[in-house]
Amino acid sequence: MKAWTLTEAQVRLRDVVRDAQQHGPQFVVREGREVAVVLSAEEYRELEAPGFLLGEFGGVPAERGTKRPEKRRRARGGSRAPSPDPGEITG
């Protein structure tokens, strides 16, 4: 597996896709962190097969349609204080 910088992947998308088809998943890195993976369509379909959830890597089978927990994203520009509960607002 090769890791591509985001800029490199943008400029050489054709190569990223080709390598994903011929050599397997290709990681995209931004600021030193893996942020995306490019898969061949064939590998993607295998992942979407009923009952598959990381089975190849020792995971457990999942029911089709099982939702994965969503990540909460922090607003850009730093963290924000949580909004007050409407019931707590006075005045």
If you take the residues of region 1-21 that are of a type in the set (A, V, I, L, M) and outside any helix (DSSP H, G or I), which of them is farthest from residue 32 (Cα to Cα)?
1
Taking region 1-25 and the residues there that are exposed (fewer than 14 other Cβ atoms within 10 Å of the Cβ) and among the hydrophobic types (A, V, I, L, M, F, W, C), the one that is modelled with the lowest pLDDT would be 1
In region 11-27, the residues that are closer than 14 Å to residue 42 by Cα and acidic (Asp, Glu)
19
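The values are calculated or read from the model by the stated rules, or taken from the named source; none is laboratory data. Nothing here was measured: the structure is a model prediction, and the numbers come from that model. In this analysis, Cβ positions are derived from the backbone assuming ideal geometry, glycine residues included, and neighbour counts consider all displayed protein chains.
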